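**Student:** Below you'll find the structure I mean.
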């Protein structure tokens, strides 16, 4: 992924995670151009994948096949609409859309701009689903429940600083398996309510307590890439 383009910049260059399938690169470039043209605002891209794909030692359990990307919601530095320096791109932190320690939207950081960005990202036919914090999904349900694109936006742990886009597999590619289809409806039902229960909080604490990193068993096809 080129680190600069019309309407976007790639963050955390030192991590070398700006690699992905050509469809993902095209999608992101189109998203940056479209959003900047329609809304006069740049987009910040975070992690895509490693140079040869596969699992990362830290930070993700997905992002392995070149079809996933993290997109920052916003950074105040872009209020002046100037390019970030390389130093800023390495050191500036993303901004949380939720209140500290609470599963509630922070109205000071989350608003119409973030909703427009999610809508622009989700309306592409390439997109399988988008992961956001449950509080963000709840906010979408309150403001855009009747818009068909929000059915692609689904709650997942974390994702209050950025959202995660996952593209569909190429038709006919047997080595790529899509996730289970997005459930029918807009997702503003009891499945969303579960994310605010004690059970959901307990599962989050359990996941956070697991410090050991276990790499998955890789498919045989990966051996050819590694040896190459």
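The values are calculated or read from the model by the stated rules, or taken from the named source; none is laboratory data. Since the model is a prediction, treat every value here as computed from it, not as a measurement. For neighbour counting, all protein chains shown are included, and Cβ atoms are generated from backbone atoms with ideal geometry for every residue, glycine included.
**Student:** Could you give every pair whose Cβ atoms fall below 8 Å, whose first residue belongs to the range 183-195 and is in a helix (DSSP H, G or I), and whose second residue is loosely packed, with under 13 Cβ neighbours inside 10 Å, counting only separations of at least 6 or pairs across chains?
**Tutor:** What qualifies is 191/183.
**Student:** Right, next: Quick one: is residue 66 modelled with pLDDT under 90, in contact with a helix residue (DSSP H, G or I) (Cβ under 8 Å, 6 or more places away or on another chain), in a loop (DSSP other than H, G, I, E, B) and within 23 Å of residue 132 (Cα to Cα)? Let's see the steps before the verdict.
**Tutor:** Numbers: modelled with pLDDT under 90: yes; in contact with a helix residue (DSSP H, G or I) (Cβ under 8 Å, 6 or more places away or on another chain): yes; in a loop (DSSP other than H, G, I, E, B): yes; within 23 Å of residue 132 (Cα to Cα): yes.
Taking the combined requirement at face value, the residue satisfies it.
**Student:** Could you please let me know if residue 154 is farther than 21 Å from residue 104 by Cβ and part of a strand (DSSP E or B)? Outline the logic, then answer.
**Tutor:** Values: farther than 21 Å from residue 104 by Cβ: no; part of a strand (DSSP E or B): yes.
No, not satisfied.
**Student:** Follow-up question, since we're still on this one. Scan the range 182-208 residue by residue and report those that are within 25 Å of residue 114 (Cα to Cα) and loosely packed, with under 10 Cβ neighbours inside 10 Å.
**Tutor:** Passing the criteria: 184, 185, 190.
**Student:** I'd like the full set of residues that are loosely packed, with under 11 Cβ neighbours inside 10 Å and in contact (Cβ under 8 Å) with a residue 24 or more places away in the chain, limited to the range 169-181.
**Tutor:** If the condition is that a residue be loosely packed, with under 11 Cβ neighbours inside 10 Å and in contact (Cβ under 8 Å) with a residue 24 or more places away in the chain, then 175 is the only one that fits.
**Student:** Here is a list of conditions, (1) without any contact (Cβ under 8 Å) to a residue 60 or more places away in the chain; (2) surrounded by 14 or more Cβ atoms within 10 Å (Cβ to Cβ); (3) in contact with a strand residue (DSSP E or B) (Cβ under 9 Å, 6 or more places away or on another chain), and residue 121 meets all of them except one; can you say which number that is?
**Tutor:** (1)
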